[in-house]
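Below is one structure, written out as structure tokens; the observations come after it.
The numbers here are math on the coordinates, done by the rules we state, and not lab data. The model shown is predicted, which means the values in this text are computed figures rather than measured ones. Here the Cβ positions follow ideal geometry from the backbone for every residue, glycine too, while neighbour counts run over all protein chains shown.
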Amino acid sequence: MEQLETQERVTVSELEHHFGVSAVTIRGDLDALAEVGAVIRSHGGALRHVDAPEDTPIAVKETLHHPEKVRIGHAAARMIKDGETVILDSGTTTAEIARQIRYRKLHSLNVITNALNIAMELATLPNVRLIMIGGILRHMSYSLAGPQAEHIVHALHADRLFLGVDGVDPEIGLMTPDVLEARLNALMIQVSREVVVVADSAKFRRRSLSVIGRVDVAHKVITDAGVSEETRTALQARGVEVIIV
């Protein structure tokens, strides 16, 4: 999947050589990715899914740029202070923040989330008061959105929002493939004192269907060293602090 971000096609033979596994294993993996709509299977390999490349099933997303997401999650979790109320938006990078919260020695923490996978990460922690936002389930991301979710968020306030996005463009803004999720994210921004965007460098200059808001609604962006100097400068010019991990 990471190779298909930069090229249109991968072949069984090149993947076999790259990963050091058999052609049978590679074919099985490509078939599995095709079944969930992440790639288009072709003779001798696979093609990039041009119809909806950013709306990838969460089980696949979790494997993409994983080391970068772990570092971003660790840096984000270190920002959280005892007694705060934070919102964790849906996404695989925000899920890493939830995992890192387990290792923080916090006496109490309020966590608001619209993501089922994040809720499961935090459900067993006695020091975390978990507030679930209801709504319509989006199967691709295990997230909840819609009018019910928006109604709940309107009545809440958070010290900090950790926002996962599918695309960041300094000119266009913060983006996601889902219209309902974009509306909910915009509300999350309104009710939060500080907004921290968490996104690996592959998300920058990538465009998606729905715009959540301009980049300057974010106070900070946590990303990895793969982000270009041009993008970093453009974000800083808009008053956004860029943290590289």
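Charge tally for E35 (other residues, Cβ to Cβ under 14 Å; Lys, Arg +1; Asp, Glu -1): 0. With θ taken as phi - 60° and the Karplus curve 6.51 cos²θ - 1.76 cosθ + 1.60 applied, the whole-hertz 3J(HN,Hα) list for segment 118-128 is 5, 4, 5, 5, 9, 4, 8, 8, x, 8, 10 Hz, x standing for glycine and proline. If you model segment 58-146 as an ellipsoid using its alpha carbon gyration tensor, with each semi-axis the square root of five times an eigenvalue, the axes come out at 20, 17, 9 Å, biggest first. A Gaussian network model of the chain, with springs between Cα atoms under 10 Å, assigns the largest mean-square fluctuation among M175, M140, M79 to M79. What fraction of the DSSP beta bridges in segment 171-245 is antiparallel, stated in percent and rounded to the nearest 5? If I count the DSSP bridges inside segment 171-245, around 30 percent turn out antiparallel. Where both bridge residues fall in segment 66-244, DSSP classifies roughly 30% of the beta bridges as antiparallel.
Under 19 Å of direct C-alpha separation, and excluding same-chain neighbours fewer than eight residues apart, K61 reaches these lysines: K69, K203.
Taking amide hydrogens as placed 1.01 Å from N in the peptide plane, the amide H of D178 sits under 5 Å from those of S210, each at least 5 positions away in sequence or on another chain. Which log10 I(q)/I(0) values does segment 3-51 give at q = 0.13, 0.27, 0.33 Å⁻¹ under the Debye formula, counting every alpha carbon as one identical point scatterer? Debye output, listed in q order: -0.25, -1.04, -1.34.
Summary value for the chain: 15 percent relative contact order, contacts being C-alpha pairs under 8 angstrom separated by 6+ residues. Net charge around I212, counting only other residues with Cβ within less than 13 Å of its Cβ (Lys, Arg = +1; Asp, Glu = -1)? Charge balance near I212 sits at -2.
Quote the charge dipole size of the chain about the Cα centre in Debye, to the nearest 20; the model charges only the Cβ of Lys and Arg (+1) and of Asp and Glu (-1). Dipole of the chain, to the nearest 20 debye: 700 debye. Our coupling estimate for segment 210-218, obtained by passing each phi through the Karplus curve with A = 6.51, B = -1.76, C = 1.60 and θ = phi - 60°, is 10, 8, 7, x, 5, 5, 6, 6, 8 Hz, Gly and Pro reported as x. Using a cutoff of 8 angstrom between alpha carbon atoms and counting only pairs six or more residues apart, the relative contact order for segment 3-51 works out to 41 percent. For the chain, the mean residue ellipticity at 222 nm estimated from helices alone is -9500 deg cm²/dmol, where every DSSP H run of n ≥ 4 contributes -39500 (n - 2.57) and the total is divided by all residues, rounded to the nearest 500.
The alpha-carbon atoms of segment 108-184, seen along their principal axes, cover 42, 25, 24 angstrom, with the largest extent given first. Note that segment 16-31 has calculated 3J(HN,Hα) couplings of 4, 5, 5, 8, x, 10, 6, 5, 4, 5, 4, 4, x, 5, 5, 4 Hz, one per residue in order, obtained from phi through the Karplus relation 6.51 cos²θ - 1.76 cosθ + 1.60 (θ = phi - 60°); glycine and proline are x. Beyond 25 Å, what share of the Cα-Cα pairs of the chain remains, rounded to the nearest whole percent? More than 25 Å apart: 43 percent of the Cα pairs in the chain.
The mean sequence distance of close C-alpha pairs (under 8 Å, at least 6 residues apart), as a share of the length of segment 57-127, puts its relative contact order at 33 percent. Cross-link partners of K220 among aspartates and glutamates, defined as those whose alpha carbon lies under 13 angstrom from its own and excluding same-chain residues fewer than eight positions apart: E194, E241. For segment 96-133, the list of trypsin sites (Lys or Arg not before Pro) that fall in a loop by DSSP and count at most 11 other C-beta atoms within 10 angstrom reads K105.
Using R0 = 45 Å, the C-beta based FRET efficiency linking S22 and K81 works out to 0.35.
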